[in-house]
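What follows is a single structure, written as structure tokens, with notes after it.
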Amino acid sequence: MDTQLNYRDIIKRILQNHADYRIALTDGYDSYVLFDDERGQYLVLDTGWNDTQYLHATPIHLSLIGNKIWIQYDDTEEGIATDLMEVGVPKEDIVLGFRHPKIRQHTGFA
């Protein structure tokens, strides 16, 4: 099985679950899953109104680089890495891109 194709589907499914959950929590804004398979970029985008404040935020950003899933940004409570591992993505295929390279080697992830 092509790991990259499989990871694309996994990422999209997990991000859609997060977007659906975020929408259920509020009626003031929407959450969208945006992806670019050609460049391996995947994110959740929140837009709308939160009371009197306009919201435009990217709470999750993942990249698929080679056969690894890079977590570029994660503003979730439990951590997107946890969701990835729960569906079978091994830790060695997950890179905490938001961590400095000197620290990244001590995280237990790729």
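The values are calculated or read from the model by the stated rules, or taken from the named source; none is laboratory data. These figures come from a predicted structure and were not determined experimentally. Cβ atoms come from the backbone with ideal geometry, glycine included; neighbour counts cover every protein chain shown.
Worth pointing out:
- Of the residues making up the stretch 27-43, those that are closer than 15 Å to D75 by Cβ and either touching a Ser or Thr at 6+ places or on another chain (Cβ under 6 Å) or at pLDDT below 90 (or both) are Y29, L43.
- Here the condition is being in contact (Cβ under 8 Å) with a residue 40 or more places away in the chain, surrounded by 12 or more Cβ atoms within 10 Å (Cβ to Cβ) and in contact with a strand residue (DSSP E or B) (Cβ under 7 Å, 6 or more places away or on another chain); of I23, I71, I80, it holds for I80 alone.
- Filter pass, I10 being modelled with pLDDT of 90 or more, in contact with a helix residue (DSSP H, G or I) (Cβ under 6 Å, 6 or more places away or on another chain) and either surrounded by fewer than 17 Cβ atoms within 10 Å (Cβ to Cβ) or in a helix (DSSP H, G or I) (or both): no
- Among the numbered conditions (1) without any contact (Cβ under 8 Å) to a residue 40 or more places away in the chain; (2) in contact with a Leu (Cβ under 6 Å, 6 or more places away or on another chain), the only one that I11 does not meet is (1).
- Filtering the stretch 44-58 to residues that are within 12 Å of the chain's Cα centre (by Cα), surrounded by 15 or more Cβ atoms within 10 Å (Cβ to Cβ) and more than 20 Å from M85 (Cβ to Cβ) leaves only L45.
- V89 being of a type outside the set (K, R) and in contact (Cβ under 8 Å) with a residue 24 or more places away in the chain: yes
- Among residues that are in contact (Cβ under 8 Å) with a residue 60 or more places away in the chain, closer than 26 Å to F109 by Cα and among the β-branched types (V, I, T), I60 is not included.
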